[in-house]
Amino acid sequence: MTHGTHNAEFDDRNKDVQIFINGHFYDRSEAKISVFDSGYLVGDGVWEGIRLYKGKLAFIDEHLERLWTAAKTIGISIEYSKTEMIEKILSTVEMNNMNDDVHIRVMLTRGIKKTPSQDPRLTISGPNLVIIAEHKKASIESKERGIKLFTSSYRRGSPDYLDPKLNCHSKLHEVQALMQAIEAGADEALMLDINGFVSTCNATNFFIIKNNEVWTSTGDYCMNGITRSKVIEACLKNDIPCHQKNFSLYDTYSAEEAFVTGTFGGLTPVTHIDGKQIGNGKYGLFTKKLSSLYNALILESIAKN
């Protein structure tokens, strides 16, 4: 059975969800896009994962800022405002009668190509926008159990060739790292930066607890995670020492606790890394405290919307 940070409780309603594609809704079984789409051909697109709590979109301003920045970075022009994007997202959840424990994937590609090619000048349509909303409640059992990591030989790259901050469709690098971890008997991959320091995981950001302090990477080679930034914010608000710094596997193996962060799972404890038990190998008290503080920030966010 698959185990990891994206484990969700089974929900039969998902088989009938309506998918938003360029302003129209389609049954899940009929939701299709051309094989000439830039995202399919060459991974030319950007995306966001957003959570719906009690009918409200959590941290929506931060998510849209990241989406707009990513689109501008790769030269995709978004032809509508952020307010209009929110309306499209909300229309999707309303179409599906959704209110809580919902995960939304917003995907924007350059558009349809005239012929298979990398060349953006061969794009013959405007950008394609797909919004998939699903009933997805993170598995409590998975969170309590925690995950095991394996340090991949695939490194997080330098910003000068594919910036890890760019939330793009080109994820093969991360898939390779995850496959390596799975083959080693772990759940997900821990990835180092080009200098050998601990950076991030294949799909989440990474933290450790040492001497009642929170450590995470400098951010120079890690994903531009919104949950990561919110954990750092929670630490600052609550006078918890939090360091964005270089640290190695040497430091990591001796941590009292470790956890990863992501929009879907929030904070997920890490029990083992490379076969070595972290702390007592359980969901630690410090991680639980930080998870509660993060949940409080979610409530603050949705109260503003």
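Structure summary
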item	result
Leu299/Asp119 FRET efficiency (R0 41 Å; Cβ-Cβ; nearest 0.05)	0.30
20 Å Cα cut-off, lysine pairs counted over segment 141-304 (separation 8 or more, or different chains)	26
Ratio of Rg to Rh over the chain (Cα coordinates, Kirkwood Rh, two decimals)	0.96
Rel. contact order, % - alpha carbon contacts under 8 angstrom, at least six apart, the chain	19 percent
DSSP-defined beta bridges in segment 82-192 - what % are antiparallel, rounded to 5	75 percent
Integer Hz, Karplus 6.51/-1.76/1.60 couplings in order for segment 40-57, x for Gly and Pro	6, 5, 9, x, 8, x, 10, 8, 9, x, 10, 10, 10, 10, 6, x, 10, 8
Spatial extent of segment 66-152: Rg and Dmax, with the Cα atoms as the point set, Å	17.6, 49
Extension gain (nm, one decimal) between Lys289 and Glu94, 0.36 nm per residue minus Cα-Cα	66.9 nm
Scattering profile of segment 95-244 at q = 0.18 Å⁻¹ [log10 I(q)/I(0), Debye over alpha-carbon scatterers]	-1.27
Qualifying trypsin sites (Lys or Arg not before Pro) for segment 263-305 [loop in DSSP, other Cβ within 10 Å: at most 16]	Lys282
Loop-located trypsin sites (Lys or Arg not before Pro) in segment 16-68 whose Cβ has at most 15 other Cβ within 10 Å (DSSP)	Lys32, Lys54
Placed amide H near Ser125: partners under 5 Å, 5+ positions off or other chain	Ile112
Hits among lysines - C-alpha to C-alpha of Lys15 under 20 Å, sequence gap 8 or more where chains match	Lys32, Lys136, Lys137
Segment 34-64-segment 191-242 distance, computed between alpha-carbon centres (Å)	23 Å
Protection proxy ranking of 218-226, 96-104, 233-241 - average other beta-carbon atoms within 10 Å, highest first	218-226, 96-104, 233-241
Free-standing Cys residues across the chain, given no other cysteine C-beta under 4.7 angstrom	Cys168, Cys201, Cys222
Aspartates and glutamates whose Cα lies under 18 Å from that of Lys114, excluding same-chain neighbours fewer than 8 positions away	Asp37, Asp44
Solvent-free Debye scattering, log10 I(q)/I(0), computed from the Cα coordinates of segment 12-137 at q = 0.09, 0.10, 0.11, 0.12 Å⁻¹	-0.25, -0.31, -0.38, -0.45
Segment 238-259 residues near the modelled Thr218 label - backbone nitrogen below 11 Å, point 7 Å along Cα→Cβ	245-247
Calculated FRET value between Asp251 and His24, using beta carbons and R₀ = 35 Å, to 0.05	0.10
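Each value in this text was obtained by applying a stated rule to the coordinates, not by laboratory testing. Bear in mind the structure is a predicted one, so any value in this text is a computation, not a measurement. When we count neighbours, we look across all protein chains shown, and the Cβ atoms used for this are built from the backbone with ideal geometry, even at glycine.
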